[in-house]
Amino acid sequence: MSRRPRGRAWPPQVEELPPSVDLAHHGALQITETDCERCGTRLSGLDGRYACGACGWTNPWNDGHRDLPSAEEDSDHPRRR
């Protein structure tokens, strides 16, 4: 079982990047940043979902800031082509 580094706040503090100036992107995915809970590496992710390339830590998919789209809502879904 992994242990988070000592002295880190729980839950991890997430810093969102400034909103896009283009209002057409309202509702689009947001790039967020945090520190890895295992090794402390600075991470960027989409809507609060992270994976660390240094140590392999990932946060659970349901820790994200909003629900994931369904398969049918995906633009690459075979039925949408």
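The values are calculated or read from the model by the stated rules, or taken from the named source; none is laboratory data. What you are looking at is a predicted structure, and each value in this text was computed from that prediction instead of being measured. FYI the Cβ positions are ideal-geometry reconstructions off the backbone, even for glycines, and counts take in every protein chain you see. What goes into the accessible areas is simple: the full protein's heavy atoms, side chains included, and nothing from ligands, DNA or RNA. Shrake-Rupley method; radii C 1.70, N 1.55, O 1.52, S 1.80 Å.
Structure notes:
- Of the peptides 59-68, 30-39, the order by per-residue mean of other Cβ atoms within 10 Å, starting with the highest, comes out as 30-39, 59-68.
- For the listed peptides 70-77, 46-53, a ranking on the average number of other beta carbons within 10 Å per residue, highest first, reads 46-53, 70-77.
- Efficiency of FRET between Thr41 and Arg79 - r from beta-carbon atoms, R0 35 angstrom, step 0.05: 0.35
- Environment charge of Glu16, counting only residues whose C-beta is closer than 10 Å and scoring Lys/Arg +1, Asp/Glu -1: -3
- Rounded percent of accessible protein surface that carbon and sulfur make up, the stretch 36-81, 1.4 Å probe: 48
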